[in-house]
Amino acid sequence: MTMYQNLIAGEWVGTEVSKNINPSDTNDVVGIYAQGSAEDAGQAIAAAKAAFPAWSRSGILERHSILRKTSDEILARKDELGTLLAREEGKILPEAIGETIRAAQIFDFFAGETLRLAGEVLPSVRPNIGIEITREPLGVIGIITPWNFPIAIPAWKIAPALCYGNTIVFKPADLVPGCAWAIVDILHRAGLPKGVLNLVMGRGSVVGQAILDSQDLAGITFTGSTGTGQRVAASSLPFNRKFQLEMGGKNPFVVLDDADLGVAVEAAVNSGFFSTGQRCTASSRIIVTQGIHDKFVAALTERLSKVNVGNALHKETHIGPVVDEKQLKQDTDYIEIGKKEGAKLAFGGEVLKRDTPGFFLQPALFTEATNDMRISREEIFGPVASVIRVKDYDEALAVANDTPFGLSAGIATTSLKHATHFKRTSEAGMVMVNLPTAGVDFHVPFGGRKASSFGSREQGKYASEFFTVVKTAYTLA
Ligand SMILES: NC(=O)C1=CN([C@@H]2O[C@H](COP(=O)(O)OP(=O)(O)OC[C@H]3O[C@@H](n4cnc5c(N)ncnc54)[C@H](OP(=O)(O)O)[C@@H]3O)[C@@H](O)[C@H]2O)C=CC1
Ligand SMILES: O=C(O)CCC(=O)C(=O)O
């Protein structure tokens, strides 16, 4: 079997390896990937530092061409890369191909942004002085990504970092090195100079920690758990290092009495259970007003009974496996916690057997949940959601906002008044009306409030906030 190595200073290196296992079929080895060490991370950082002066001054056409070529190749290989993604992460094939297309679109967007770099020229308040405001690249960026979006999240961090002239040390999640390796290989062949993008696959406690401990990074952009995010923050402060964190969610989806039932049920199923609930934008708190509550629960349960859980590559599958055994245990532990807390398990929650050995879990729906239960306050990150019954819109809004997190929030309603009020008063970074809480566009800002996010927004032109630093220059005429 081919061994996929790390890319350090333009060379493929590495001898320590680990197996990438398919969660739909644990007999299927997706590939053999290098396991980097702390020394590898150090060499990668040194290579990125050495490459920074030239890359930060590189021409915008060179950057544009590399990002465009990368987008074109990802798009041309969308079925192959989507299949790799589905095999290593367990997302069903249409979702995996969709995520691959999204990665291509992100590279295309930032290829365009290279040609739109601009500054400002302002008069001074003093006579005969001109002022120029420009954005400069930050330096070496550490990119640490999670397993749940193995191609889109690396794309939305790598593409802007390169677009704005930074160099990179990239550590993908250990569970999903395949897509990470593939996009680094594409970028390398597209013509990136040596050392501009370095890939160090390996464990978070080893490679990730070495990145956190380095004084040579100008910034770290991270997506993953709250605990690791806090380590990124704590490690950055002593070095005065910029950091950007995208962490958990406990996103509310409100269903009002006047909602279109079909729209509400489809959005709730998508938000709570598609992608196996493994999205930080997933909704695991479905807050339903009393007039529609029973009808909604009956329709949602009926809809869930038609959902097929199985191998991510099979055509008839709607929901693939949980990513690994550890995450499956976390999900089933929370199902037990929910039962003990007094919520009613209205549907599912069984670990399922399929014709291949994998981590299959039937979607679990709790009813009679309250917002103070642990299943309503802590991120589960699996196909587990709870219905919380409320009196009216005002109570729904209060419950929706009563959470330590603030990533996304949704509402199903036909009332313009309530939709408008919810958009204005929701304490979330992204608000959806009659749409699932998950599934976002690639060209607009992504991020949340409270414990969900820290720092400036990712994606779209807002990404320049993190990946650049502003300079104000005064010239005597
Ligand atoms: N908001 C989101 O998008 C995500 C949230 N989560 C939440 O986090 C929980 C745990 O998932 P998990 O994958 O373990 O999340 P982590 O936060 O542990 O992993 C995210 C990334 O950080 C790396 N990492 C881990 N430890 C360190 C460290 N000490 N220093 C630097 N980097 C480190 C990981 O490496 P490695 O993979 O090698 O451990 C991975 O690349 C999930 O159950 C879910 O609740 C998880 C993924 C995404
Ligand atoms: O909802 C989406 O499409 C993006 C979700 C995401 O980025 C995440 O779960 O990390």
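The values are calculated or read from the model by the stated rules, or taken from the named source; none is laboratory data. Everything quoted here is computed from the prediction, not taken from an experiment. Note that each Cβ is placed from the backbone with ideal geometry, even for glycine, and that neighbours are counted across all protein chains shown. Protein only, heavy atoms only, side chains kept; ligands, DNA and RNA dropped before computing areas. Shrake-Rupley method; radii C 1.70, N 1.55, O 1.52, S 1.80 Å.
Would it be correct to say that Pro53 is at pLDDT 95 or above, within 21 Å of Gly439 (Cα to Cα) and assigned by TED's automatic domain parsing to the domain that holds Trp156?
Considered against the rule, which asks whether it is at pLDDT 95 or above, within 21 Å of Gly439 (Cα to Cα) and assigned by TED's automatic domain parsing to the domain that holds Trp156, Pro53 comes out as no.
For the stretch 453-473, which residues satisfy the criterion of being crowded, with 19+ Cβ neighbours inside 10 Å and either part of a strand (DSSP E or B) or β-branched (Val, Ile, Thr) (or both)?
Ser453, Phe454, Glu458, Thr468
Considering only residues that are out of contact with any Pro (no Cβ under 6 Å at 6 or more places or on another chain), hydrophobic (A, V, I, L, M, F, W, C), within 25 Å of Val390 (Cβ to Cβ) and in contact (Cβ under 8 Å) with a residue 12 or more places away in the chain, which ones fall in the stretch 281-335?
Passing the criteria: Ala282, Ile286, Val288, Ile292, Phe296, Val297, Ala299, Leu300, Ile335.
Is at least one residue of the stretch 400-408 assigned by TED's automatic domain parsing to the domain that holds Asn311, crowded, with 24+ Cβ neighbours inside 10 Å, in a loop (DSSP other than H, G, I, E, B) and in contact with a helix residue (DSSP H, G or I) (Cβ under 6 Å, 6 or more places away or on another chain)?
Scanning the stretch 400-408, I find no residue that is assigned by TED's automatic domain parsing to the domain that holds Asn311, crowded, with 24+ Cβ neighbours inside 10 Å, in a loop (DSSP other than H, G, I, E, B) and in contact with a helix residue (DSSP H, G or I) (Cβ under 6 Å, 6 or more places away or on another chain), so the answer is no.
Filter the stretch 99-114 for residues that are buried (at least 20 other Cβ atoms within 10 Å of the Cβ) and farther than 14 Å from Glu73 by Cα and give the result.
Glu99, Phe109, Phe110, Glu113, Thr114
Of the conditions (1) more than 16 Å from ligand 2 (Cβ to nearest atom); (2) under 14 Å from Phe446 (Cβ atoms), Ile141 clears all except one; give me its number.
(2)
Tally the residues that are open to solvent by less than 40 Å² (accessible area, probe 1.4 Å) and among the basic types (Lys, Arg), restricting the search to the stretch 51-94.
Total satisfying the criteria: 2.
Looking only at the stretch 213-254, how many residues end up being more than 16 Å from ligand 2 (Cβ to nearest atom), part of a helix (DSSP H, G or I) and open to solvent by less than 10 Å² (accessible area, probe 1.4 Å)?
1
From the set of residues in the stretch 433-447 that are touching a residue at least 60 places away in the same chain (Cβ under 8 Å) and over 12 Å from the mean Cα position of the chain (by Cα), which is nearest to Phe222 (Cα to Cα)?
Restricting to residues being touching a residue at least 60 places away in the same chain (Cβ under 8 Å) and over 12 Å from the mean Cα position of the chain (by Cα), the top hit is His443.
Do you know which residues across the stretch 431-452 are of a type outside the set (Phe, Trp, Tyr) and open to solvent by less than 20 Å² (accessible area, probe 1.4 Å)?
Within the stretch 431-452, Thr437, Ala438, Gly447, Gly448, Ser452 meet the criteria.
Check the stretch 255-270 and report whether any residue there is within 16 Å of ligand 1 (Cβ to nearest atom) and either open to solvent by less than 20 Å² (accessible area, probe 1.4 Å) or in a helix (DSSP H, G or I) (or both).
No - not one qualifying residue is present in the stretch 255-270.
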